[in-house]
Amino acid sequence: MAETVPSHPPAPEEGHPHHEEMSFWSKYIFPLDHKMIGMQYLFTGIAMAMVGGFFAYTFRMQLAFPGIEVPGWGLVSPADYNALVTNHGAIMIFWVAMPVLIAAFGNFLIPLMIGCDDMVFPRINRLSYQIFFLSVLVLIASFLVEGGAFGGAWTAYPPLSAKAEYSLTPLGSSLWLLAVALEFVAFLLGGINFITTAMNSRAPGMKMYDIPIVVWMIVLASIMFMLSVGPLVAGAVMLFFDQQLGTGFFDPARGGDPVLWQHLFWFFGHPEVYVVLLPAMGIVAEIITVFARKKLFAYKTVLYTAFGTGILSFTVWAHHQFVAGIDPRMAHIFTITTLLISVPIAEMCFVYIATLYGGSIRLTTPMLWALAFIAEFLIGGVTGIFLGASGADIYFHDSYFVLAHFHYTFFPIAIIGFYAGITYWFPKMFGRMLDDRLGKIHFWGTIIPFNGIFLPLFILGLAGQHRRIYNYEHFPELATPELQALRVLATVSLLVMLGFQLVFLVNFVRSLRRGEKAPQNPWKANTLEWQAPSPPPHGNFATLPTVYRGPYEYSVPGRAEDYWPQNAPE
Amino acid sequence: MGKVVALPVRPRREPLLPNGVLGMLLFVLAEIMLFAGLISAFLVVKGLAVEWPPVGQPRLPVEETAFNTGALLLSGAALAWAQARFRRAPSTALRPVLLAVALGGLFVCFQGVEWVGLVREGLTLRSSTHGSFFYLIVGLHALHAVAAILALGWAALRLAEGRLRQDTFASVQLFWYFVVGLWPILYWQVYF
Amino acid sequence: MGAVRRRLRTRLAGPLLAAAVLVAPGRALACAVCAAGETNNRAEFILTTAFMTALPLLLVGGVVLYLRARARRVHGAPPSPTSALEEPRRVA
Ligand code: HEM
């Protein structure tokens with residue numbers, strides 16, 4: 001244990017080597033520098049997003065054109081289909097949303113934005129990435145073993161997931177579980193680091209209300225993650241024992257209880273959606289204030305709302321079990337809490353809109369993404385109200401309505417939030433500007449097809465189409481040409497959207513090499529990361545900054561400039 | 001990021017809790033939730049059973065374990081005593097720390113013996129959910145105890161060399177108190 | 001008069017709602033999934049649900065209160081993690 005949490009702050013003499021030129025290995029492969037670790041998370045996350053997107057492409061092709069040879073994959077067998085859906089879901093949430101939004105942005109931004117030179121536990125930080133990388137390898141291994149990859153859905157409900165006779169993946173399911181557990185350990189270590197750093201290493205003068213919203217959000221998300229992950233780790237160990245050691249924790253025939261897993265899973269699973277939501281909300285807050293040139297409408301409200309969300313998020317999880325036979329009285333309570341939690345989120349959206357009101361808005365690429373986040377996320381949030389009502393949910397449960405609902409929340413979070421953040425901080429991360437025209441082409445080429453994918457799925461869901469079905473031709477009432485046309489529309493939109501992602505890749509790679517050199521503060525922003533060179537050197541600031549004011553002092557009357565950096569003495 | 005700059009001076013901010021202690025505190029919170037999840041799972045499965053312990057399964061050795069619980073609690077007290085001495089003169093804390101390590105070691109060994117007996121009586125990981133939960137929960141606690149003993153031993157070593165810092169010691173202590181404090185709860189829930 | 005009655009009504013709304021939830025049937029006869037959940041560990045499920053819901057909030061609350069008390073002790077007056085949520089400086 002002494003290794004997991006080193007019990008002493010790295011005093012300067014045991015800190016990392018600032019003075020020597022570092023070798024390739026210690027700089028890029030085993031770095032201690034928070035920015036480089038952030039990059040590692042970022043690029044791993046992007047690579048995994050491509051994998052998850054490729055899986056989506058494969059099974060969407062199968063749904064639109066059942067039985068075709070999918071280019072790049074081949075014939076999709078039912079077992080393939082299950083494995084693809086399962087791993088698509090797991091990858092997108094655990095290996096894309098988490099590493100990119102929390103680990104990559106958290107690592108890169110927290111020390112820079114609070115004005116210090118590194119995380120308080122750089123070695124734990126490195127260990128966190130290494131464990132994360134190991135989890136990726138284990139996940140990949142699960143595709144290569146006998147029996148193939150796990151196909152019991154990302155929620156891994158037993159008894160299907162608990163017994164090899166049912167899941168037909170004796171090793172794949174255990175490796176999958178192991179990969180998820182390793183990923184949790186990695187984020188637990190990272191989260192402890194974030195929280196401790198934000199508490200103890202802030203620049204002199206930076207009080208609680210001077211911390212940029214995005215840092216607050218990542219820290220709150222880390223706290224929520226830390227408190228919710230334990231029960232699921234307990235459940236994962238139990239499930240692993242059931243799979244490999246022949247225990248019967250979840251086996252009703254032997255005195256176990258399968259519904260128990262659902263509780264353990266969703267106890268984590270629901271806070272988890274807010275764990276990924278809050279950082280995205282934070283990124284959007286930063287971008288909106290900068291490009292509206294206006295003070296964040298209600299800093300404290302956003303903050304307290306986020307606290308409230310954090311508290312409520314621990315009280316809603318059983319709404320995932322409305323049809324699992326929980327006590328209807330419990331369902332009433334969880335209906336109420338679920339409807340309640342939409343209030344703080346709506347409030348945040350209102351605050352952002354109010355921030356826009358009367359601002360001098362600049363529609364740069366990051367701003368477009370941030371606005372799109374609010375618009376698209378609202379659709380996801382509003383459809384969630386339908387599902388939160390336990391009566392209505394009996395009909396909607398496990399249909400494509402649910403699926404479209406949570407993609408309207410997750411896609412804005414994981415993909416739009418990511419693009420917003422990367423287009424905004426790219427100059428700081430890599431010292432070059434992205435091309436704005438290509439950025440806008442990419443934006444419209446992503447947003448329009450995105451709605452083209454998921455709006456039809458709402459309609460399919462209302463028509464009764466169930467999730468996780470390999471081929472709808474076997475269901476006469478779902479195999480009508482009209483419904484099939486909607487499926488084709490969704491798949492074609494997906495192809496268009498995936499095509500437009502190439503624009504982003506081209507833009508990214510080209511700008512890295514030949515982009516215009518970024519000035520120190522291209523957006524004229526207040527927060528501390530923009531007061532460091534682009535890209536910041538090892539150690540971040542030549543002299544560590546002192547903070548004199550809050551992060552959102554834009555367009556202050558009586559000043560010549562419309563921004564006022566946090567560290568400007570006057 | 002290639003340029004090498006001089007190490008900036010660390011900001012002067014007196015943290016409320018030293019980094020190591022805060023980090024360990026957060027870790028302990030996550031651990032508490034882990035065990036809370038296990039206990040809840042145990043209660044739910046126990047509630048499902050018609051008879052507990054299930055038919056044909058041995059009863060757990062409540063009395064012997066009460067003795068063992070006492071040993072563990074004493075070791076926690078020894079560590080608290082060590083802290084009191086450490087504050088006055090660090091070198092005098094070595095003996096109570098070693099006492100805490102010894103009592104902790106006694107606890108783990110005693111449990112090992114107990115397990116051998118239980119397995120003989122027919123309580124195994126697979127024999128029933130009773131056995132599964134017993135070995136899972138108590139075993140996980142034992143693993144934590146072993147890790148904490150190792151950490152304490154390491155702290156004792158540094159103490160003997162005169163290199164143990166107060167916040168290092170505090171975070172190791174925190175972990176040990178967690179292990180000690182958790183046990184009575186597990187004992188009460190699982191054994192009775 | 002109307003104000004008093006209105007106040008009474010808002011006062012009563014919470015307890016009434018809670019009572020309604022509690023006396024509501026534990027099982028809806030027309031519901032296909034309700035009966036499936038008729039097992040003898042319902043009490044435990046509800047109990048542990050309440051426990052697991054409350055625990056994280058208690059833990060965080062406890063730590064925050066502790067840090068606050070500590071801040072009082074260390075710095076004397078209020079400035080502390082949450083009370084450090086004081087007014088930001090107003091710079092002219
Ligand atoms: C790239 C665009 C995406 C498309 C076209 C897409 C499409 C789909 C479809 C059609 C399914 C359901 C398959 C079935 O039930 O048979 C699905 C499942 C799922 N997707 Fe996506 N998705 C996309 C992106 C994402 C993102 C960004 C996330 C989360 C961050 C995500 C998370 C999930 C999850 C959790 C499931 C449930 C898996 C399961 O049933 O076990 N997806 N996706």
For chain A, which whole percent of the accessible surface, found with a 1.4 angstrom probe, sits on carbon and sulfur atoms? 70 percent
Probe radius 1.4 Å, ligands and nucleic acids left out: can you give me the accessible area buried at the A-C interface, summed over both chains, in Å² to the nearest hundred? 2800 Å²
Scanning chain B for trypsin sites (Lys or Arg not before Pro) in DSSP loops with at most 12 other Cβ atoms within 10 Å, what's the longest stretch left with none? B:60-162
Where a ≥ b ≥ c are the square roots of the eigenvalues of the C-alpha gyration tensor, would you call chain B rounded, which needs a/c under 1.5, or, failing that, prolate if a/b is larger than b/c, or oblate? prolate
Sorted by chain and then number, the residues having a modelled amide H within less than 5 Å of the amide H of residue A:432, at least 5 places away or on another chain, are A:518
Calculated from DSSP H runs of 4 or more alone, at -39500 (n - 2.57) each and per residue, what is the 222 nm mean residue ellipticity of the protein assembly as shown, nearest 500? -22000 deg cm²/dmol
For residue A:339 and residue A:244, compute 0.36 nm times the residue count separating them, minus their Cα-Cα distance, and round to one decimal in nm. 30.2 nm
Buried accessible area for the B:A pair, summed, 1.4 Å probe, in Å² rounded to 100? 4800 Å²
Placing +1 on the Cβ of each Lys and Arg and -1 on the Cβ of each Asp and Glu in chain A, which of A:430, A:139, A:463 has its Cα farthest towards the positive end of the resulting dipole? A:430
Cα→Cβ-extended label distance, 7 Å offset, between residue B:110 and residue A:546, nm: 5.8 nm
Any chymotrypsin sites (Phe, Trp or Tyr not before Pro) in region A:340-404 that lie in a DSSP loop and have at most 13 other Cβ atoms within 10 Å would be A:357
For a test of the definition: using alpha carbon positions, the gyration tensor, and the 1.5 limit on a/c, classify region A:165-228 as rounded, prolate or oblate. prolate
Those trypsin sites (Lys or Arg not before Pro) in region A:445-510 that DSSP places in a loop and that have at most 15 other beta carbons within 10 Å: A:467, A:468
Taking a ≥ b ≥ c as the square roots of the eigenvalues of the Cα gyration tensor of region A:30-99, is the shape rounded (a/c under 1.5), prolate (a/b larger than b/c) or oblate? prolate
Answer check: region A:107-238, Cα atoms, Kirkwood Rh, Rg/Rh ratio of 1.12
Within 10 Å of each Cβ in B:126-135, the average number of Cβ atoms from other chains: 4
For chain A, what is the accessible area per residue in Å² when the probe is 1.4 Å? 33 Å²
Trypsin sites (Lys or Arg not before Pro) within region A:283-339: which are DSSP loop residues with at most 16 other Cβ atoms inside 10 Å? A:293
Just to compare against my own numbers: the Cα pair-distance distribution for the protein assembly as shown, 20 Å bins, whole % per bin, please. 14, 46, 34, 6, 0
Per-residue average of other protein chain Cβ atoms inside 10 Å, peptide C:54-62 -> 6
Please give the length that would be gained between residue B:124 and residue B:165 if that part of the chain were fully extended, namely 0.36 nm times their separation in residues minus their C-alpha to C-alpha distance (nm, one decimal). 10.4 nm
Can you list the HN-Hα couplings for region C:46-54, worked out from phi with the Karplus curve (6.51, -1.76, 1.60; θ = phi - 60°), rounded to whole Hz and with x for Gly and Pro? 5, 4, 5, 4, 4, 4, 5, 6, 7
Cα extents of region B:80-132 along the three principal axes, largest first (Å): 53, 18, 10
5 Å is the cut-off here: which amide hydrogens, built 1.01 Å from N in the peptide plane, fall below it relative to residue A:70, excluding neighbours closer than 5 in sequence? A:75, A:76
Where does region A:307-424 land on Rg/Rh, using Cα atoms and the Kirkwood Rh? 1.05
Residue A:556 and residue A:516 label points (each 7 Å along its Cα→Cβ direction) are spaced in nm at 2.9 nm
So what does the Cα-only Debye profile of region A:230-367 read at q = 0.20 Å⁻¹, as log10 I(q)/I(0), no solvent term? -1.10
Karplus 3J(HN,Hα) series, Hz, for region A:554-570 with 6.51 cos²θ - 1.76 cosθ + 1.60 (x for Gly, Pro): 9, 6, 6, x, x, 9, 5, 8, 8, 9, 8, x, 4, 9, 6, x, 9
Interface area, C with B, accessible, probe 1.4 Å, both sides summed, Å² nearest 100: 1500 Å²
Please list C:65, B:98, B:34, A:84 from largest to smallest accessible area, probe radius 1.4 Å, with all protein chains kept in place. C:65, B:98, B:34, A:84
Semi-axes in Å, largest first, for region B:95-192 (Cα gyration tensor, √(5λ)) are 31, 13, 10
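The values are calculated or read from the model by the stated rules, or taken from the named source; none is laboratory data. Just so we're clear, the structure is a prediction, and the values are computed from it rather than from any experiment. No Cβ is skipped: glycine too gets one built from the backbone with ideal geometry, and neighbour counts run over all protein chains shown. Surface accessibility is based on the protein's heavy atoms, side chains included, excluding ligands, DNA and RNA. Shrake-Rupley method; radii C 1.70, N 1.55, O 1.52, S 1.80 Å.
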